[in-house]
Amino acid sequence: RNVLGDCMCTPVLQNAEIALYDIDAGRLEDSRIILSAINENVNEGRAVIKTYLGVEKRKEALREATFVVNAIQVGGYEPCTVTDFEIPKKYGLRQTIADTLGVGGVFRALRTIPVMEMFGKMAEKYCPNAVFLNYSNPMGMLSGYMERYCNIQFVGLCHSVQVAVPKLFAGLGMEYDSRVQWKIAGINHMAWLLEITRNGEDLYPLIKQKAKEGPVYDTYAEYRKFYRQIPQVEG
């Protein structure tokens, strides 16, 4: 929704043909409904939205594409994402969600790489000039593999730069608002927060103090509840 909605708000892409592909009919139809509404409401219906369901339609969805946007989660939240947490926890290792590295990240990469490679090899054949934009995690390991073993133009993308500061504040129980300004450098889960201020005041000392005091939420669900209350970051 967000990625393709942004595309429809971008003049050069407003008349694009969008090919939605999925292996789940219900999910595919949900995507079509949502994007069709966005197309009509913000894009005057200029985009063409087509759907492709199932393995047998995969090559048609990819054929002659200019961009391929990959957003998959192999195995789904249950059982696989839960497994990423529970197996390390069983052996005394509590970790964050397996989006980057760590034991759970390796699990996630091992089950995702074969599917990613399959899409990459099909892109080589059916849309060899396309730019493959990846939104699936663990970003670093998947991007590294695809760069090495698939002959396509590949870019790994993530929203971590935009949301790094709001999420940091949420985790520390700090108030976030539009007065907070920051300078950040880096890409794909490797972003470094160089400066952060509110009304010109350096906030790093307070951030370090809060970090030393420890987490303010006992569960991930509590953290997510607080984070959802933070105003959306623009730009």
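The values are calculated or read from the model by the stated rules, or taken from the named source; none is laboratory data. What you are looking at is a predicted structure, and each value in this text was computed from that prediction instead of being measured. Quick reminder, even Gly has a Cβ in these numbers, built from the backbone with ideal geometry, and neighbours come from all protein chains shown. Accessible surface is based on the protein model in full, side chains and every heavy atom, while ligands, DNA and RNA are left aside. Shrake-Rupley method; radii C 1.70, N 1.55, O 1.52, S 1.80 Å.
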Rounded to the nearest whole number, the Stokes-Einstein translational diffusion coefficient of region 109-169 at 4 °C and 1.567 mPa s (Kirkwood radius, C-alpha pairs) in µm²/s is 104 µm²/s
Given a 1.4 Å probe, the accessible area of the chain per residue, as a whole number of Å², is 63 Å²
Computed on Cα atoms, the radius of gyration and Dmax of region 77-201 in angstrom are 17.7, 54
The long-range amide H neighbours of GLY186, using H built 1.01 Å from N in the peptide plane and a cut-off of under 5 Å, are TRP192
Yeah, region 61-148 with a ≥ b ≥ c from its alpha-carbon gyration tensor (a/c under 1.5 is rounded, else prolate when a/b outruns b/c, oblate otherwise) is prolate
Under the helix-only model (-39500 (n - 2.57) for each DSSP H run of 4 or more, divided by the residues of the chain), the mean residue ellipticity at 222 nm, to 500 deg cm²/dmol, is -14000 deg cm²/dmol
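Could you look at region 7-112 and say what percent of its accessible area is carbon and sulfur, using a 1.4 Å probe and all protein chains?
On the way: 3790 of 6750 Å².
Exposed carbon and sulfur together represent 56 percent of the surface.
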Evaluated at 20 °C and 1.002 mPa s, the Stokes-Einstein D of region 15-126 based on the Kirkwood radius over Cα pairs, in µm²/s, stands at 132 µm²/s
With Cα coordinates, the longest principal axis of the chain makes an angle with the long axis of helix 102-126, in degrees rounded to 10, of 30 degrees
Given 100-108, 192-200, the highest-first ranking by average Cβ count within 10 Å works out to 100-108, 192-200
So, relative contact order of the chain in percent, Cα under 8 Å, 6 or more apart, is 13 percent
The size of the Cβ-based charge dipole (Lys, Arg +1; Asp, Glu -1) of the chain about the Cα centre, to the nearest 20 debye, is 460 debye
